[in-house]
Ligand SMILES: NC(=O)c1ccc[n+]([C@@H]2O[C@H](COP(=O)([O-])OP(=O)(O)OC[C@H]3O[C@@H](n4cnc5c(N)ncnc54)[C@H](O)[C@@H]3O)[C@@H](O)[C@H]2O)c1
């Protein structure tokens, strides 16, 4: 038991119980506590996990020697202050996305983790998703050709938040996926959006990103849509790929489609170019499936046990936050192009 990492999960609303369930199954971890400000949520989890201590006051966890690490699944606006308090108390921290609601906040957390030599990890779940890992292999592989553009759709009816807009709530996933696929952050972004349901809180947002390689991407997020869509399309010079998170059978499709240039020789050494559309096979790779959140929890516990830096560390969280912050500035300026 001395070797296991004592985990406390904070925020037991929609997402926190998933962290609780996965940490309970993670080798090397022991969930010692759960916390939420709402008594009825504590009762619900107490019934499920009688061996775990459930408390309503976060501060109790900070002085508890059994708690080595804190996983935060509270609303975005609370992340920075709660994560900083945990780090200052010498706890390792896994914080849900977005890591903070400003890049200055993300930098403060990186610094706080450095000072106490503790692990700081952000819950960019899709970077642990086997289908996304496979998509990255495809996109960065030789037969795909240079990726030229990508677009993502993450829309549904709700869930409407009151602390952040739809972009800060949903787009952290898309931006983390795009940076992971392209291997670099964008140089500039522009964003447009509109608040239809409540004033000042955009429920529909379109973000356009320009990458140093010349590739571009578009992110569409919305809380105001008839159906749930979670899709990423990447177009390369030779192949194209679609990742559909909701497709149980074929999460990833690779299309051998593209436009080839053909040289047509004429008399006297003259020649023309012709464009030919190529539509070849569609391949659905067999992807060994594991719940991404379980892989994420296991990675966190491994990093804490070995004192290693997580793949989605504070810097990774900061890069995503910088893009969101620039997009927010653009959103307020009716889509003006903003450097990242
Ligand atoms: N990685 C993913 O795929 C994913 C999916 C959903 C949500 N999330 C993230 O998880 C976080 C929570 O989202 P949610 O949908 O579960 O929200 P939620 O509103 O359902 O739950 C948040 C809970 O935190 C509790 N809380 C707030 N402040 C607290 C405090 N100071 N002390 C104790 N408890 C407190 C609230 O009572 C509430 O029960 C958000 O950051 C969200 O972005 C991530």
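Yes or no: the range 204-219 includes at least one residue that is assigned to a strand (DSSP E or B), over 23 Å from residue 181 (Cβ atoms) and at pLDDT below 95.
Looking through the range 204-219, none of the residues is assigned to a strand (DSSP E or B), over 23 Å from residue 181 (Cβ atoms) and at pLDDT below 95.
Kindly indicate whether residue 247 is touching a strand residue (DSSP E or B) at 6+ places or on another chain (Cβ under 9 Å), touching a residue at least 12 places away in the same chain (Cβ under 8 Å) and surrounded by fewer than 18 Cβ atoms within 10 Å (Cβ to Cβ).
Numbers: touching a strand residue (DSSP E or B) at 6+ places or on another chain (Cβ under 9 Å): yes; touching a residue at least 12 places away in the same chain (Cβ under 8 Å): no; surrounded by fewer than 18 Cβ atoms within 10 Å (Cβ to Cβ): yes.
For residue 247, the condition - touching a strand residue (DSSP E or B) at 6+ places or on another chain (Cβ under 9 Å), touching a residue at least 12 places away in the same chain (Cβ under 8 Å) and surrounded by fewer than 18 Cβ atoms within 10 Å (Cβ to Cβ) - is not met.
Within the set of pairs 6+ apart or on separate chains, which have a first residue in the range 68-84 that is farther than 16 Å from residue 14 by Cα and modelled with pLDDT of 95 or more, a second that is assigned to a helix (DSSP H, G or I) and within 6 Å of the ligand (Cβ to nearest atom), and C-beta atoms under 7 Å apart?
Close Cβ pairs satisfying both conditions: 82/58.
Only one of 77, 33 is closer than 22 Å to residue 90 by Cβ, within 26 Å of the chain's Cα centre (by Cα) and not in a loop (DSSP other than H, G, I, E, B). Can you tell me which?
From the options 77, 33, the qualifying one is 33.
Please go through the range 266-279 and pick out each residue that is over 50 Å from the mean Cα position of the chain (by Cα) and on the phi < 0 side of the Ramachandran plot.
266, 267, 270
Of all residues in the range 10-44, which are more than 16 Å from residue 291 (Cβ to Cβ) and surrounded by 19 or more Cβ atoms within 10 Å (Cβ to Cβ)?
10, 11, 12, 31, 32, 33, 34, 35, 36, 41
Please state which one of 138, 93 is free of Cβ contacts under 8 Å to residues at least 40 places away in the same chain and either more than 17 Å from the chain's Cα centre (by Cα) or closer than 17 Å to residue 70 by Cβ (or both).
Matching residue, one of 138, 93: 93.
Each row is one residue, and each column tells you yes or no for (1) surrounded by 10 or more Cβ atoms within 10 Å (Cβ to Cβ); (2) closer than 27 Å to residue 110 by Cα.
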| position | (1), (2) |
| --- | --- |
| 227 | no, no |
| 259 | yes, no |
| 304 | yes, yes |
| 324 | yes, yes |
| 333 | yes, no |
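One line per residue, one yes/no per condition, for (1) within 14 Å of the ligand (Cβ to nearest atom); (2) part of a loop (DSSP other than H, G, I, E, B); (3) touching a residue at least 12 places away in the same chain (Cβ under 8 Å); (4) in contact with a strand residue (DSSP E or B) (Cβ under 8 Å, 6 or more places away or on another chain):
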residue: 8; (1), (2), (3), (4): yes, no, yes, yes
residue: 13; (1), (2), (3), (4): yes, yes, yes, no
residue: 19; (1), (2), (3), (4): yes, no, yes, yes
residue: 22; (1), (2), (3), (4): yes, no, yes, no
residue: 37; (1), (2), (3), (4): yes, yes, yes, no
residue: 42; (1), (2), (3), (4): yes, no, yes, yes
residue: 50; (1), (2), (3), (4): no, yes, no, no
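Would you pick out the residues in the range 52-70 that are farther than 17 Å from residue 88 by Cβ and either within 12 Å of the ligand (Cβ to nearest atom) or part of a loop (DSSP other than H, G, I, E, B) (or both)?
52, 54, 55, 56, 66
Mind listing whichever residues of the range 278-306 are free of Cβ contacts under 8 Å to residues at least 40 places away in the same chain and part of a loop (DSSP other than H, G, I, E, B)?
Across the range 278-306, the qualifying residues are 284, 286.
The values are calculated or read from the model by the stated rules, or taken from the named source; none is laboratory data. Quick caveat: nothing in here was measured; it's all calculated off a predicted structure. Using ideal geometry, Cβ is built from the backbone for each residue, glycine included, and neighbour counts are taken over all protein chains shown.
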